[in-house]
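Read through the structure below, which is laid out as structure tokens, and then see the notes.
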Amino acid sequence: MTESPRTAIVTGSARGIGAAIAKRLASDGLAVAILDLDESACSVVRDEITNAGGKAIAIGVDVSDEERVEKAVTRVAEEIGKPSVLVNNAGITRDNLLFKMTTSDWDSVMNVHLRGSFLMSRATQRYMTESGWGRIVNLSSTSALGNRGQANYSAAKAGIQGFTKTLAIELGKYGVTVNAIAPGFIETDMTADTAKRMGIDFEDFKKGAARQIPVGRVGQPEDIAAVVSFFAREDSSFVSGQVIYVAGGPYA
Ligand SMILES: NC(=O)c1ccc[n+]([C@@H]2O[C@H](COP(=O)([O-])OP(=O)(O)OC[C@H]3O[C@@H](n4cnc5c(N)ncnc54)[C@H](O)[C@@H]3O)[C@@H](O)[C@H]2O)c1
């Protein structure tokens, strides 16, 4: 065991899946940096962690902003410890059929998911490779396999899988593993917003989704956090470059 706790950065962790991941890693004993667009929104999760006896910091940052990403990662290293776990979770959707999709819908989604994961990974890898230990977990999606109305999101989430496999090859010899989780339907604001946009009541939307899922229910943020916890463990060091579908059934 190391003397001081390891430090994790979770992007997009003011709510939803990211918040559950941050809380799970904190309960696993890691110091956690809560990164999201708005610092005050992050402070709710930070306070929950610190009130439970954990160590956490809240930082407002847009993951697609190179300069702010560098500053945020330096701040994490200085204030709660050099990052050894990174979870690239921040995400947005800008769904539309191809003929209606604007260039800005395309660019926004690429910027948050791909540019954001690239900038965050590049800024944190130096701490991981120097110490000879690290874990990067990227959030993909079942939409990587194709989903109507999500040409931008699907391309970004498939891109995340290639990014994951390449980083696993490059960073393996430094003790850094890189894996991806591809969630199916998870109950969060993101899926609630999708229901709203489609004009469907969220409860009906969830029931409809659950009928298509072999385990007979939609996922919860904690279902994803449990898998991140596994990837961040000391004894998962021989698992790298993998994409695990956490979707209540075989979707790959
Ligand atoms: N909910 C699902 O069903 C589902 C399924 C598959 C994959 N995912 C992926 O899981 C991740 C989390 O999704 P969620 O459902 O919790 O979404 P969410 O919308 O509830 O939360 C996403 C968070 O990311 C933050 N964020 C957005 N843009 C950002 C930026 N540029 N910089 C920093 N933070 C930013 C948001 O402010 C928000 O707090 C996303 O990558 C999403 O694509 C979700």
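The values are calculated or read from the model by the stated rules, or taken from the named source; none is laboratory data. Please read all numbers here as calculations on a predicted model, not as lab measurements. All Cβ positions, glycine included, derive from the backbone under ideal geometry; neighbour counts span all protein chains shown.
From the list ALA195, ALA210, ALA182, exactly one residue is out of contact with any helix residue (DSSP H, G or I) (no Cβ under 9 Å at 6 or more places or on another chain), at pLDDT 95 or above and surrounded by 13 or more Cβ atoms within 10 Å (Cβ to Cβ). Which is it? Please lay out each step first, then the result.
Working: ALA195 fails: out of contact with any helix residue (DSSP H, G or I) (no Cβ under 9 Å at 6 or more places or on another chain); ALA182 fails: out of contact with any helix residue (DSSP H, G or I) (no Cβ under 9 Å at 6 or more places or on another chain).
On inspection, the qualifying residue turns out to be ALA210.
For the subset of the range 46-64 comprising residues that are aliphatic (A, V, I, L, M) and under 17 Å from GLY29 (Cβ atoms), which member is surrounded by the fewest Cβ atoms within 10 Å (Cβ to Cβ)? Please lay out each step first, then the result.
Within the range 46-64, the first condition is being aliphatic (A, V, I, L, M), and the residues that meet it are 49, 52, 56-59, 61, 63.
Applying the additional criterion that residues be under 17 Å from GLY29 (Cβ atoms) yields 49, 52, 56-57.
On the way: ILE49: 22, ALA52: 11, ALA56: 27, ILE57: 24.
It comes out as ALA52.
Remark: pairs (first residue in the range 22-38, of a type in the set (S, T, N, Q); second residue outside any strand (DSSP E or B) and away from the ligand (no atom under 11 Å from the Cβ); Cβ separation under 8 Å; 6+ apart in sequence or on different chains) = SER27/ALA52; SER27/GLY54. Of the set (1) touching a residue at least 60 places away in the same chain (Cβ under 8 Å); (2) more than 13 Å from the chain's Cα centre (by Cα); (3) over 18 Å from VAL69 (Cβ atoms), all apply to LYS196 but (1).
Does the range 38-61 contain any residue that is within 23 Å of ALA158 (Cα to Cα) and out of contact with any Phe, Trp or Tyr (no Cβ under 9 Å at 6 or more places or on another chain)? No, there is no match, as no residue in the range 38-61 is within 23 Å of ALA158 (Cα to Cα) and out of contact with any Phe, Trp or Tyr (no Cβ under 9 Å at 6 or more places or on another chain). Taking helices (runs of 4 or more DSSP H) as the structural unit, those lying wholly within the range 132-211 and holding at least 3 residues that are away from the ligand (no atom under 14 Å from the Cβ) correspond to 151-171, 202-211.
Looking at LEU119, LEU139, which one is closer than 22 Å to ILE181 by Cα, touching a Ser or Thr at 6+ places or on another chain (Cβ under 8 Å) and crowded, with 16+ Cβ neighbours inside 10 Å? Walk me through it before giving the result.
Values: LEU139 fails: touching a Ser or Thr at 6+ places or on another chain (Cβ under 8 Å).
One residue alone meets the criteria, LEU119.
Go through the range 97-108 and give me each residue that's more than 9 Å from the ligand (Cβ to nearest atom) and within 23 Å of the chain's Cα centre (by Cα). Residues satisfying the conditions are SER104, ASP105, TRP106, ASP107. For the range 147-167, the criterion of being of a type in the set (Ser, Thr, Tyr), at pLDDT 95 or above and touching a His at 6+ places or on another chain (Cβ under 9 Å) is met by at least one residue.
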